[in-house]
Amino acid sequence: MKLIENMRKQALEELALAGDAGGLEKWRIHYLGKKGPVQGLMKELKSLPKEDKPVFGQLVNKLKNELKEAHGVAKERLGAAPKSGGDEDLTLPGIPPLIGTRHPITQMMEQMISCMKSLGFEVAEGPEVEDEFHNFNALNIPENHPARSEADNFYLSDNQLLRSQTSTVQIRVMENRKPPLRIIAPGRVYRPDSVDASHHYMFHQIEGLAVDKGLTMQDMKSTLIQFFAGLFGEDLEIRLRPNFFPFTEPSAEVDVACPFCKGKGCSTCQQKGWIEMGGCGMVDPNVFKAVGYDPDVYTGFAFGLGIERMAMRRFGIPDIRYLTENDVRFLSQFPG
């Protein structure tokens, strides 16, 4: 009992001298640890008479509980939490947690949608698994057209495939609504391309469609000018180059003056001064007939733009594969 009392007195005296969290932790490890003197008292049981062992064990447990309680009171008094060792500066700022950000594709898509909404367009959506009528027939793509081949599409059955373009949404909207209308259709599309720095089997498009009485190419070009000005700045110049698409007539490719070099030529635009953005044109009368519109009464224009292409140009991304690899080191560079 004298040995226990001496240890109790010494332990409490040293606890009173512990003036910080580090000191408290060192005291706890010394006295209450598995190799500490309190635990060492249990070794004395071997040398005690049998009848004294229970009393001695109870006294040791009482000492251990008393020291634990004293340590808790001292810790509360200092406002300290248990530490792994060493003095800690509680005034230092904490480590901020990692917070997720929006994917660059999402950022680009939201900016494009915002620009088009300001021009009076509304967002429309459609299924990613389509039938041949909506993906080809209604878009004036004949049965022998190479765009319908199995090498260029993901067929799920004889009449079902993963949509190869968001133009399918235009057909579905026109089937269920009457003009006038202005819609944009952002979404994923699928084509069995070999994956490289500029191609992928899954990518995103945004499709625009306007139908009304008396719409012309001039309306389409003015819409595209305002759209790209909202994305890249008001002084951006665009141009239309003649092209062919089955669902528009006349058709054109739309280019923008490189926003990085202002049309002077740089590595981004391959020294051309212009960057190809997508296709556009006036809706072909056969498309109107397929959805029950009278092409003698209504006209319309449509355009389709690749969102990955826009994002890569806007953010200076050299490889499309970066957008699908989910590398946090890459994604953390886009805090928007």
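The values are calculated or read from the model by the stated rules, or taken from the named source; none is laboratory data. Everything numeric here is computed off the predicted structure, so don't read it as measured data. For neighbour counting, all protein chains shown are included, and Cβ atoms are generated from backbone atoms with ideal geometry for every residue, glycine included.
Collect the residues in the range 300-336 that are touching a residue at least 60 places away in the same chain (Cβ under 8 Å), closer than 24 Å to D255 by Cα and in a loop (DSSP other than H, G, I, E, B), keeping them in residue-number order.
Across the range 300-336, the qualifying residues are I317, P318, D319.
From the list A210, A185, A197, which residue is under 28 Å from the mean Cα position of the chain (by Cα), among the hydrophobic types (A, V, I, L, M, F, W, C), in the same structural domain as S149 (by TED's automatic domain parsing) and surrounded by 16 or more Cβ atoms within 10 Å (Cβ to Cβ)?
Testing whether each residue is under 28 Å from the mean Cα position of the chain (by Cα), among the hydrophobic types (A, V, I, L, M, F, W, C), in the same structural domain as S149 (by TED's automatic domain parsing) and surrounded by 16 or more Cβ atoms within 10 Å (Cβ to Cβ) leaves just A185.
Would you confirm whether any residue within the range 55-76 is aliphatic (A, V, I, L, M), exposed (fewer than 14 other Cβ atoms within 10 Å of the Cβ) and in a loop (DSSP other than H, G, I, E, B)?
Within the range 55-76, none of the residues are aliphatic (A, V, I, L, M), exposed (fewer than 14 other Cβ atoms within 10 Å of the Cβ) and in a loop (DSSP other than H, G, I, E, B).
I'm checking my understanding of the structure. Among residues of the range 138-155 that are within 32 Å of the chain's Cα centre (by Cα) and small (G, A, S), which one is nearest to T248 (Cα to Cα)?
A147
Is it true that some residue in the range 139-161 is in the same structural domain as F227 (by TED's automatic domain parsing), within 28 Å of G230 (Cα to Cα) and in contact (Cβ under 8 Å) with a residue 24 or more places away in the chain?
no
Considering F203, F228, which residue is crowded, with 19+ Cβ neighbours inside 10 Å, touching a helix residue (DSSP H, G or I) at 6+ places or on another chain (Cβ under 8 Å) and either not in a loop (DSSP other than H, G, I, E, B) or not assigned by TED's automatic domain parsing to the domain that holds A147 (or both)?
Criteria check complete, one pass: F203.
Just a yes or no: is a residue in the range 248-263 closer than 27 Å to S198 by Cβ, surrounded by fewer than 19 Cβ atoms within 10 Å (Cβ to Cβ), at pLDDT below 85 and of a type in the set (V, I, T)?
The answer is no; no qualifying residue exists.
Which one of G40, G19 is of a type in the set (G, A, S), in a helix (DSSP H, G or I), in the same structural domain as G57 (by TED's automatic domain parsing) and surrounded by fewer than 16 Cβ atoms within 10 Å (Cβ to Cβ)?
None of the others qualify; the one that does is G40.
Looking at the structure I just gave you, is G100 free of Cβ contacts under 8 Å to residues at least 60 places away in the same chain, exposed (fewer than 13 other Cβ atoms within 10 Å of the Cβ) and either more than 26 Å from N176 (Cα to Cα) or outside the structural domain of L24 (by TED's automatic domain parsing) (or both)?
yes
Residue check, K43 against (1) within 30 Å of D89 (Cβ to Cβ); (2) modelled with pLDDT under 80, all met but one. Which one?
(1)
Take V287 and tell me if it is β-branched (V, I, T), within 21 Å of P186 (Cβ to Cβ) and modelled with pLDDT of 90 or more.
It is true that V287 is β-branched (V, I, T), within 21 Å of P186 (Cβ to Cβ) and modelled with pLDDT of 90 or more.
Among the numbered criteria (1) of a type in the set (A, V, I, L, M, F, W, C); (2) modelled with pLDDT of 95 or more; (3) farther than 14 Å from T248 by Cβ; (4) surrounded by 12 or more Cβ atoms within 10 Å (Cβ to Cβ), which one does V297 miss?
Among (1) of a type in the set (A, V, I, L, M, F, W, C); (2) modelled with pLDDT of 95 or more; (3) farther than 14 Å from T248 by Cβ; (4) surrounded by 12 or more Cβ atoms within 10 Å (Cβ to Cβ), the lone unmet condition for V297 is (4).
Among the residues of the range 177-198, write down those that are of a type in the set (A, V, I, L, M, F, W, C) and assigned to a loop (DSSP other than H, G, I, E, B).
V195, A197
Of the residues that sit in the range 145-176 and are outside any loop (DSSP other than H, G, I, E, B) and among the basic types (K, R), which one is farthest from V129 (Cα to Cα)?
Out of the qualifying residues, it is R148.
Kindly establish whether E130 is of a type in the set (D, E, K, R), in contact with a helix residue (DSSP H, G or I) (Cβ under 7 Å, 6 or more places away or on another chain) and at pLDDT 80 or above.
It is true that E130 is of a type in the set (D, E, K, R), in contact with a helix residue (DSSP H, G or I) (Cβ under 7 Å, 6 or more places away or on another chain) and at pLDDT 80 or above.
One residue is enough: does the range 153-162 have a residue meeting the conditions acidic (D, E), out of contact with any Phe, Trp or Tyr (no Cβ under 6 Å at 6 or more places or on another chain) and surrounded by 13 or more Cβ atoms within 10 Å (Cβ to Cβ)?
no
Are there any pairs, at least 6 apart or on different chains, whose C-beta atoms fall under 7 Å, with the first in the range 32-59 and under 15 Å from L3 (Cβ atoms) and the second of a type in the set (S, T, Y), and if so, which?
Matching pairs, first to second residue: P37/Y31; V38/Y31.
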